[in-house]
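*Asks:* Sharing a structure, written as structure tokens. Questions coming.
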């Protein structure tokens with residue numbers, strides 16, 4: 001019985017093994033479509049001529065354009081400020097959802113781009129309502145937070161933000 005189970009388990013796992021994408025080799029140039037394959041090829045031979053087609057970014061841009069056409073707008077920003085909740089309320093008045101997002105500080109391999117969906121969505125929002133409006137909304141959110149929580153210490157750039165909004 002145990003032997004049957006092991007044999008069936010072996011067959012099952014053998015059938016669902018991960019298949020790696022096969023790079024397209026044209027003359028002396030290899031075409032790759034994803035970062036993982038790119039990195040594996042470079043690890044084997046750093047002198048390869050590689051053509052990159054970043055399908056992940058292409059697909060992310062298509063998805064962003066589709067969401068924009070459907071009226072789904074998402075503004076991506078770091079959730080590092082106290083006034084985050086206040087900003088989410090303010091920007092929702094423009095039918096935009098504020099999404100917490102940490103943009104990475106490590107660059108992708110050459111030929112690839114990161115954050116394609118997020119960049120396109122933020123650009124669309126800046127084009128529609130303007131960067132100055134976004135900055136103004138952050139200031140209003142900051143003020144609203146301070147007025148809502150006047151006893152909470154809130155420091156930015158070494159300055160207590162409450163001094164801007166609270167009367168002495």
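*Asks:* With 59, 127 as the choices, which residue is without any contact (Cβ under 8 Å) to a residue 24 or more places away in the chain and under 30 Å from residue 32 (Cα atoms)?
*Replies:* Checking each option against the conditions leaves just 59.
*Asks:* Tell me which helices (runs of 4 or more DSSP H) are completely within the stretch 82-168 and hold 3 or more residues being within 18 Å of the chain's Cα centre (by Cα), modelled with pLDDT of 95 or more and farther than 30 Å from residue 50 by Cβ, or say none if there are none.
*Replies:* In the stretch 82-168, the matching helices (runs of 4 or more DSSP H) lie at 116-129.
*Asks:* Name the single residue, out of those in the stretch 115-124 being out of contact with any strand residue (DSSP E or B) (no Cβ under 9 Å at 6 or more places or on another chain) and in contact (Cβ under 8 Å) with a residue 24 or more places away in the chain, that is nearest to residue 35 (Cα to Cα).
*Replies:* 116
*Asks:* I've got another one for you. State yes or no: is residue 89 over 23 Å from residue 142 (Cβ atoms) and either surrounded by 12 or more Cβ atoms within 10 Å (Cβ to Cβ) or in contact with a helix residue (DSSP H, G or I) (Cβ under 8 Å, 6 or more places away or on another chain) (or both)?
*Replies:* Here the answer is no, as residue 89 does not meet what is asked.
The values are calculated or read from the model by the stated rules, or taken from the named source; none is laboratory data. Fair warning: this is a prediction, and the values are worked out from it, not measured in the lab. Please note: Cβ atoms are built from the backbone with ideal geometry, for glycine as well, and neighbour counts cover all protein chains shown.
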